[in-house]
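Written below as structure tokens is the structure these notes are about.
None of the figures in this text is laboratory data; all of them are computed from the coordinates on show. All values reported here derive from a predicted model rather than from experimental measurement. Neighbour counts run over all protein chains shown; Cβ positions are idealised from the backbone, glycine included.
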Amino acid sequence: MAKRRKKKLKIKNFLLVIIVIILIIIILPKKKEEDVVVKKDLSTMTKDEIKAYGDENNIKVNEKYEYNLKVSKDNIISVKEENNEINIILSKGDYDDNYYREKKVNEMGKVPIMMYHGIIDTEDNQYTGGNVDKNGYKRTAKAFREDLEFYYKNGYRMIRLEDYIHGIIDVPVGYSPIILTFDDGDADNCKVTGKNSDGSLQIDPNSAVGILEEFKKKYPDFNVTATFFVMNGIFNQSQYNKDIVTFMINNGYDIGNHTISHPDFTKISKEQSVKEVGKMYKILDSYLGDKYVKIVALPFGSPYKKDHANYPAILSGTYDGYSYTTEAALRVGWEPEVSPFNKNFDPTFLKRCRAYDNNGKEFDIEMVFKNLEKNRYISDGDKDRIVIPTKEKDNLNSEYTNVRTYEEV
Ligand SMILES: [Zn+2]
């Protein structure tokens, strides 16, 4: 009896083993299939694994190398499977000197801060080039469009004055920053002709902002922006002033302080100076809260010297209970400013270039940009790192530590 039982048990065990083996055989290939699916997630694979995967599945694998600061040499920056091909971008690691030499990178170069006033929609200008008045302060709409074309085609890309002051220069590698400013709040800076049914502004396409908006569409990579320095009358369109400043802030422009009544600071008292600056800030505050820039464009570019007794009143004070601190002050200058990384950079005494024509003389646009060919700021494309030719090292503000130098020749 016992023997028969044992035999029965043995058969049972044998059958169990068989069943388990069959089950394993059924499950195992499924597992393998799953493996293949997992392997298709190329992002988890090494370069060699991707190549092997390509070979196995008859998929062409293309390799491309790019410089990259964050991904170390020979590692994968990105991998994509498209049109039955696999494109891998691999890191060349950090840029080498050749790369910077080729791009002529120099983040110790000079930056033009252009000074505009009115933009007049007329071709009937009796003065030199695109000048509308004797001193070339106002400019024709046509000339302004030509200026913008010229800047764009010569590799300049706009940055905010506010960003320049803070050492933020975000333009692609090989390109140079340019800053636009407009003084006096002329109505033709942003001429409003009415409102659309949805409440949006109808802006004269030949006013400064109309033309800037046109270039925003024409060249999306121009990074169109500008800072407008206004007085008591804002944009001298009382009906629309509030709408205009709101439109500007919402569309990438900045509003700054050009004083209440355009005085020569060297001809008024310290108290009057405080009122001219402080009251204007207070007005901007009532329009925009804290969304205006704490920058003053000095009327007539005066004082010419920073040690003038009224200069401290331009930089800080309290008017009618409103305390202000000015981050930067703009003069009327003749040449581009130094890099914000230069040890001599002084945001509270910045030179501007007059945007006017004078047959290539007296620091007109043509002369300024011709001179800039010798020393223009050229970006490395990484706003967080400063790349300069070794010979510029002594000009560097030592506060900046993320610096890379290279030999020019
Ligand atoms: Zn002015």
Check: Tell me which aspartates and glutamates have Cα within less than 17 Å of Lys282's Cα, excluding those fewer than 8 residues away on the same chain?
Finding: Asp254, Glu271, Asp290, Asp320, Glu327
Notebook entry, point to check: In what sequence, highest mean first, do 339-345, 370-376 appear when ranked by Cβ atoms within 10 angstrom?
Noted result: 339-345, 370-376
Note to self: For a distance above 20 Å, tell me the whole-number percent of Cα pairs in the stretch 269-408 that qualify.
What the structure shows: 60 percent
Check: For Ser43 and Tyr99, FRET efficiency with R0 = 22 Å and r from the beta-carbon atoms, rounded to 0.05?
Finding: 0.20
Notebook entry, point to check: What angle do you read, to the nearest 10 degrees and between 0 and 90, between the alpha-carbon axis of helix 365-375 and the longest principal axis of the chain?
Noted result: 50 degrees
Next item on the list: Using only alpha carbon pairs under 8 Å that are at least six residues apart, calculate the relative contact order of the chain and give it in whole percent.
Entry: 17 percent
Next item on the list: List, largest first, the extents of the alpha carbons of the stretch 38-94 along their principal axes, each in whole Å.
Entry: 34, 20, 15
Check: Taking the Cα atoms only, what angle lies between the long axis of helix 241-250 and the longest principal axis of the chain, rounded to 10 degrees?
Finding: 30 degrees
Note to self: For a bin width of 5 Å, list the pair-distance distribution of the stretch 128-241 built from all Cα-Cα distances, rounded to whole %.
What the structure shows: 2, 11, 18, 21, 21, 15, 9, 3, 1
Notebook entry, point to check: What distance in nm separates the simple spin-label points at Lys134 and Lys10, each placed 7 Å from Cα in the Cβ direction?
Noted result: 12.6 nm
Checklist line | Between the stretch 219-290 and the stretch 164-215, the alpha-carbon center distance in angstrom | finding: 14 Å
Check: If each Cα of the chain is one equal point scatterer, what is log10 of I(q)/I(0) from the Debye formula at q = 0.08 Å⁻¹?
Finding: -0.57
Note to self: List the lysines whose Cα sits under 24 Å from the Cα of Lys60, skipping any in the same chain fewer than 8 residues away.
What the structure shows: Lys32, Lys39, Lys40, Lys47, Lys51, Lys73, Lys80, Lys92
Next item on the list: With a 10 Å radius around each residue's Cβ, average the other Cβ atoms per peptide and rank 101-112, 312-323, highest first.
Entry: 101-112, 312-323
Notebook entry, point to check: In straight Cα distance, which aspartates and glutamates are under 12 Å from Lys270, not counting same-chain residues fewer than 8 positions off?
Noted result: none
Next item on the list: Express the Stokes-Einstein translational diffusion coefficient of the stretch 58-159 in µm² s⁻¹, to the nearest whole number, given a Kirkwood radius over alpha-carbon pairs, 37 °C and a viscosity of 0.692 mPa s.
Entry: 178 µm²/s
Item checked: Ellipticity estimate at 222 nm from DSSP helix runs (n ≥ 4, -39,500 (n - 2.57)) divided over the chain, nearest 500 -> -10000 deg cm²/dmol
